[in-house]
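Please treat every number below as a calculation from the coordinates, not as lab data. This is a predicted model, so every value here is computed, not measured. Cβ coordinates were reconstructed from backbone atoms using ideal geometry, including for glycine residues, and neighbour counts include every protein chain displayed.
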Amino acid sequence: MNLFDPHETITSDNLSSTSKFQQTGVGLRYKFPENTIHPNKELGWMRRLLPVAKSHKKPLYIGLFTGVIALVLNIAVPAMARNAIDATIDADREALTIWVIVLISVGLGRFAFGALYRYSLFKLAWGVETDLRALLYSHLTKLSFSYFDRTQSGEVISRANSDIRSIQVLLAFGPLIGMTVISFILAFGYMMTLHVPLTLVSLVTLPGVYFFGQKLRKVVFPLTWVSQARLAELATIVDENVNGIRVVKSFAAENQQVGLLRRASEHIKWVNVEAIKARARYNPIVESLPRIGMALVLLYGGHLAIEGDVSIGTLFAFNAYVIMLQAPFRMFGFLLLQTQRASASAQRIFEVLDENPTIVDSPDASPLDNVRGSIAFKNIHFSYPNSRGNSQSDTFGSSQEVLSGLNLVIEPGETVAIVGRTGSGKSTLARLLTRFYDPTSGEIEIDGRDVKKITLDSLRHHIGVVFDEPFLFSTSVAQNIAYSQPNAPQEDIAFAARSAEASQFIENLSEGYSTVVGERGYTLSGGQRQRIALARTLLEKTPILILDDATSAIDVKVESSIHESLVRHLSGRTTILIAQRISTITLADRVVLLEHGRVVAEGTHSELMAKDARYVAILAEVENKSQSEPGGPE
Ligand SMILES: Nc1ncnc2c1ncn2[C@@H]1O[C@H](COP(=O)(O)OP(=O)(O)OP(=O)(O)O)[C@@H](O)[C@H]1O
Ligand SMILES: [Mg+2]
């Protein structure tokens with residue numbers, strides 16, 4: 001097979017100026033949550049969450065309805081037993097039989113409704129968990145780069161996992177416990193009809209339960225916050241250990257990393273032990289109070305029964321209720337704790353959902369149409385939002401200006417090389433054109449249209465970027481290349497691979513195009529990753545192309561054959577080549593020299609070599625650097 005067909009040429013009419021990112025089947029199959037959280041930040045977290053729960057109306061209503069029935073039946077059991085006992089004492093066999101039959105039916109009903117009620121509530125809880133996860137993730141994808149610059153991956157991971165989980169647990173158990181509170185009220189009402197003073201005696205320990213519960217809450221609540229933050233810290237360390245394992249091992253720094261991890265987990269232990277200490281102190285008190293209540297009931301109720309004021313059945317019923325009422329008290333502690341945990345988690349999740357994406361479509365934005373591909377940077381000033389590290393403080397102070405008054409006009413179809421020292425803002429230029437960030441001042445135009453007036457989707461589908469650090473997904477080579485068009489035919493994928501000089505090594509891989517690359521493509525060499533990234537971008541056939549040091553890890557010989565095919569690819573496309581090597585720079589029609597955040601010289605390579613001493617000096621520096629830093633093992 002002829003790997004390199006000279007007739008395969010990209011022309012400006014088969015550039016996709018209106019192509020759409022194709023949804024894969026997955027996107028279509030799973031529908032997005034109907035509702036998001038309530039936008040009003042002033043509301044309590046449960047009220048904010050309510051719209052999400054409401055989109056699961058069926059399990060919610062069935063759960064509440066069957067729950068109430070199960071409860072009433074539950075409360076009815078001691079009442080039926082009371083009647084049965086009193087019938088026994090009165091030697092009324094017929095009544096005894098009837099009450100026992102009623103008791104059995106009530107028990108069966110309680111079982112059935114209880115099962116339905118649990119099932120519905122857990123279904124609701126998992127539904128909300130799934131929705132929250134989808135909402136959180138889709139919101140994360142909308143957030144701007146400045147958010148990710150200051151957020152640690154562990155924080156995001158822990159929000160998506162443990163925070164959502166703790167809300168789910170509360171949703172599943174909260175109503176369950178809430179119901180026991182209702183059962184308390186029902187039982188209380190029924191007891192009052194039987195004997196008022198005895199009822200009051202049996203509840204005398206309640207204030208104590210409330211008091212110690214509050215004490216526990218005061219100690220545990222702050223610890224809950226700390227615990228969640230520590231877990232996030234741990235997740236970041238684990239994430240960095242796994243992703244940075246090559247660096248860790250190459251510096252033989254395993255012990256240091258293990259030390260970091262141990263420190264983080266000791267912190268987690270400390271927080272939880274403190275919480276347990278508080279619970280160990282207060283929980284036994286809270287739990288034993290109802291037993292004291294029971295003793296009081298037996299003491300006072302026993303005397304009442306001896307005097308004939310209440311029946312033995314009533315005494316039995318009271319005894320059963322006091323035991324039954326222990327459940328809400330005992331669960332109350334758990335509910336308090338879980339509510340605190342869920343509230344902390346909800347606030348952390350809402351923090352993400354409330355974070356407004358800074359880069360969004362303006363209301364009057366419209367898609368690009370019939371792109372010619374002229375680009376203009378007009379007096380651009382830019383500095384990165386200065387907020388590395390801590391996400392709370394000093395969010396948007398300005399750091400040093402990266403671009404200061406940059407002007408650059410690129411004609412349709414022109415190939416411009418951007419040259420400058422490291423850190424001079426070359427990659428930043430590319431990030432501004434694709435609106436990863438917006439300039440502090442100045443305008444960027446495509447075909448004379450302000451990029452802020454173009455929909456983000458359309459803008460980014462018209463600009464293909466190959467980044468300096470290629471990121472591959474852990475899927476097959478073919479899926480990686482076809483990332484923008486999952487349904488692209490095999491020929492297109494192969495053509496893109498050939499254009500990027502990647503087809504030969506891909507065909508030599510164990511399973512060719514179906515070979516699954518390791519996480520981030522680490523089973524490939526640096527140069528191979530770059531070529532797959534290049535093929536991925538070439539496949540999209542965008543009218544504007546940015547290659548940011550896209551061939552830096554590829555050896556000069558392979559690079560020159562990539563250039564041969566690139567020349568054909570570049571014709572008809574507006575291209576920005578960010579480059580260090582002279583071999584790459586000479587592909588350009590024009591070279592632009594970037595220094596101190598602005599363009600300081602432009603012309604063809606040979607012109608600049610002849611007339612500009614700064615250019616010669618910088619080129620000598622970067623050439624030396626790129627020669628002393630050969631790319632990955634090829
Ligand atoms: N996400 C970021 N947040 C804050 N500062 C950043 C960020 N990215 C880059 N910078 C800073 O902006 C400046 C310009 O960076 P840029 O990546 O544009 O340089 P470059 O010209 O592409 O360099 P190189 O040739 O090394 O790729 C640098 O000083 C860098 O520290
Ligand atoms: Mg760069």
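Helix 490-499 and the long axis of the chain differ in direction by around 50°, with both axes built from C-alpha atoms.
Taking other Cβ atoms within 10 Å as a rough exposure proxy, ASP149, ASP447 sort from fewest to most as ASP149, ASP447. Within a straight-line Cα-Cα reach of under 19 Å, LYS31 can be paired with the following aspartates and glutamates, leaving aside sequence neighbours fewer than 8 residues apart in one chain: GLU129, ASP131. Counting neighbouring beta carbons within 10 Å and listing from fewest to most, the residues VAL419, VAL201, VAL409, VAL402 come out as VAL409, VAL201, VAL402, VAL419. Could you compute the longest span of the chain free of trypsin sites (Lys or Arg not before Pro) located in DSSP loops and having at most 12 other Cβ atoms within 10 Å, not counting the site residues? Answer from the scan: 42-387. The distance from the alpha carbon centre of the range 460-531 to that of the range 544-604 is 21 Å, rounded to a whole number. Note on the range 55-73 and the range 85-124: Cα centroid distance 19 Å, given to the nearest whole angstrom. Applying 0.36 nm per residue to the separation of ASN487 and VAL219 and subtracting their alpha-carbon distance, the gain on full extension is 90.8 nm. Pairs of alpha-carbon atoms within less than 8 angstrom and 6+ residues apart define the contacts here; what relative contact order does the range 31-354 have, in percent? The value is 26 percent. For the chain, the residue among ALA579, GLY423, VAL169 whose Cα projects farthest onto the positive side of the dipole built from Cβ charges is VAL169. Between the helical axis of 613-628 and the dominant principal axis of the chain, each derived from Cα atoms, what acute angle in degrees is found, rounded to the nearest 10? Its long axis makes an angle of about 60 degrees. Simple rule: put +1 on each Lys or Arg Cβ and -1 on each Asp or Glu Cβ in the range 31-354, find the dipole, and look at LEU186, LEU206, SER250; the Cα lying farthest toward the positive end is SER250. Calculated mean residue ellipticity, 222 nm, the chain: -20000 deg cm²/dmol, from DSSP H runs (n ≥ 4) at -39500 (n - 2.57) each, averaged per residue and rounded to 500. Placing R0 at 22 angstrom, the Cβ-Cβ distance between THR193 and HIS303 gives a FRET efficiency of 0.60 after rounding to 0.05. Taking Cα centre as origin and charging only the Cβ of basic (Lys, Arg, +1) and acidic (Asp, Glu, -1) residues, the dipole magnitude of the range 455-535 rounds to 100 debye. Each Cα pair under 8 Å and six or more residues apart adds its separation to the average, and for the chain the resulting relative contact order is 16 percent. For the chain, find the longest principal axis of its Cα atoms and tell me its angle to the long axis of helix 526-539, 0 to 90°, nearest 10. Helix 526-539 sits roughly 90 degrees off the main axis of the chain.
Once C-alpha pairs closer than 8 Å and six or more residues apart are averaged by separation and normalised to the residue number of the range 202-310, the relative contact order reads 51 percent. Simple point charges give the picture: +1 on the Cβ of Lys and Arg, -1 on the Cβ of Asp and Glu, and for the range 31-354 a dipole about the Cα centre of about 940 debye.
If only the Cβ of Lys and Arg carry +1 and only the Cβ of Asp and Glu carry -1, the dipole of the chain around its Cα centre is close to 2260 debye. Cross-link pairs exceeding 32 Å in C-alpha to C-alpha distance, out of LYS123/LYS277; LYS54/LYS453; LYS58/LYS277; LYS142/LYS218; LYS123/LYS453; LYS426/LYS453, comprise LYS123/LYS277; LYS54/LYS453; LYS58/LYS277; LYS142/LYS218; LYS123/LYS453.
Annotation note: GluC sites (Glu not before Pro) in the range 255-362 located in DSSP loop regions with a Cβ neighbour count of at most 15 within 10 Å are GLU307.
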